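Just below is one structure, and these are the notes that go with it.
The values are calculated or read from the model by the stated rules, or taken from the named source; none is laboratory data. Owing to the predicted nature of the structure, the values given are computational and were not obtained by experimental measurement. Here Cβ is always computed from backbone atoms with ideal geometry, including for glycine, and neighbour counts include all displayed protein chains.
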Amino acid sequence: MAEDWERKYEWKRTWPDDRGLDGKPLEDYSCFDGQYAGRIRFEPAGPTKGLWQWSGAYPKPMRGAPVMPNGGYADSAAEAARAVEEYWDVMRDLHMQFDDEMTEKEKQSLSKPDFLCIGAQKAATSWLNKVLLEHPQVFMPPVNELHFFDSVGRDAPQRARQIKLAHKAIKRERRKAKSNKAYIGYLKHLISFPVVTADWYRAAYSWPMAEGVKKGDITPSYLELGEGQVAYARQFLGPTKLILIVRRPADRLLSQMRMWAGRADIDAPNEEQWLNILKRIQESESRGGYSTGIPLWSSHFGIDSLLIMPFSDIRKDPHGTIARVQDHIGVPRFEDFTLLTEKIHPTKKYEISDKVKSTAEDLTFNEAEYLRSEFGDEFFEKTR
């Protein structure tokens, strides 16, 4: 951003870790005044090449309508930033009459999920999402795995995967003979937020729904949230139903390793590569923390709110499994599911040596012992 611009508000790179085709950081910045206020970005190609696009946000809670254009182009970063800040000043001064603290009545009226599936990763959570999408009285956001409670409060940008999924949904809708313009607008609004905020999360559930519809968020990394994050989830959501699918710890870890190998496009990893993948997982994306996650979520939401199901039940009794889920979240049993026996996002079948498998068993020994002691050997055998 141009250094001669005397900024009034805080500006940050929207995508601090992303780079363009030239290898340089993206010239894309977001403005904050306690809340997201607007954004500018450099146009490197196309008919607006060389210009800076700017767009202003809507203060929360919005009252009234814009009294001036909330977007446009400028010749420099400074001019674009100035346009955002001037727009924000006018909108805030003329249209905002709100307290920083929302009333309890306002909190209760906001859109939010009725249930969470908190994990575990590589334990058929994608299957559960796809199946529940078929239920006429369940709403699942088109951008699944929202990662709200592990992102909120740290100015985390929306994940590239979420934006990609939304764009795919928009394309699918546009290809229909009679596309729903309102739904396309809903999707565009959802991906217009540069960072993960409470407003963004509520926007995911802002699509009009019939009375009695239950809304869900399936994000398997929630199992690994810390004390403060789970406490915030309880405060934000209020009483909420929770679902956890438990897979045998070593099997789950090996499946995660295969997923990582597939993403790295490794055809046949050797033993050294497998051990390196395992090390990287342990350092950056440890999952399957049942021994900490189950007690923590139970302490904040109550053990009765948590439905815990063994992994093999999905394979051996999918009808009974989804019936338990429907009863738990409070929707009528639906009889016309078509995906109950389908495998969703199956992991590529790689061969893994006995040494690597033994290492995985050693690393997950304590988690396995926790499950045995807490739920018994019979339950543990069903997690395979």
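Tabulated data
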read-out: Conditions (1) closer than 26 Å to residue 232 by Cβ; (2) of a type outside the set (A, V, I, L, M); (3) at pLDDT below 90: number failed by residue 149; value: (3)
read-out: Residue selected from region 192-237 under the condition farther than 17 Å from residue 129 by Cβ and among the acidic types (Asp, Glu), by the criterion surrounded by the most Cβ atoms within 10 Å (Cβ to Cβ); value: 224
read-out: Any pair with Cβ under 9 angstrom, 6 or more apart, that starts in region 277-292 at a residue that is in the same structural domain as residue 350 (by TED's automatic domain parsing) and ends at one that is outside any helix (DSSP H, G or I) and among the charged types (D, E, K, R); value: 281/287; 287/122; 288/122; 288/247
read-out: Residue match in region 112-119 (condition: modelled with pLDDT of 90 or more, over 13 Å from the mean Cα position of the chain (by Cα), outside any loop (DSSP other than H, G, I, E, B) and closer than 21 Å to residue 224 by Cα); value: yes
read-out: Restricting region 154-191 to residues that are loosely packed, with under 14 Cβ neighbours inside 10 Å and closer than 19 Å to residue 17 by Cα, the residue that is farthest from the chain's Cα centre (by Cα); value: 154
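Conditions tested, residue by residue: (1) closer than 19 Å to residue 246 by Cβ; (2) assigned by TED's automatic domain parsing to the domain that holds residue 287; (3) touching a residue at least 60 places away in the same chain (Cβ under 8 Å).
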residue	(1), (2), (3)
324	yes, yes, no
331	no, yes, yes
340	no, yes, yes
347	yes, yes, yes
350	no, yes, yes
357	no, yes, yes
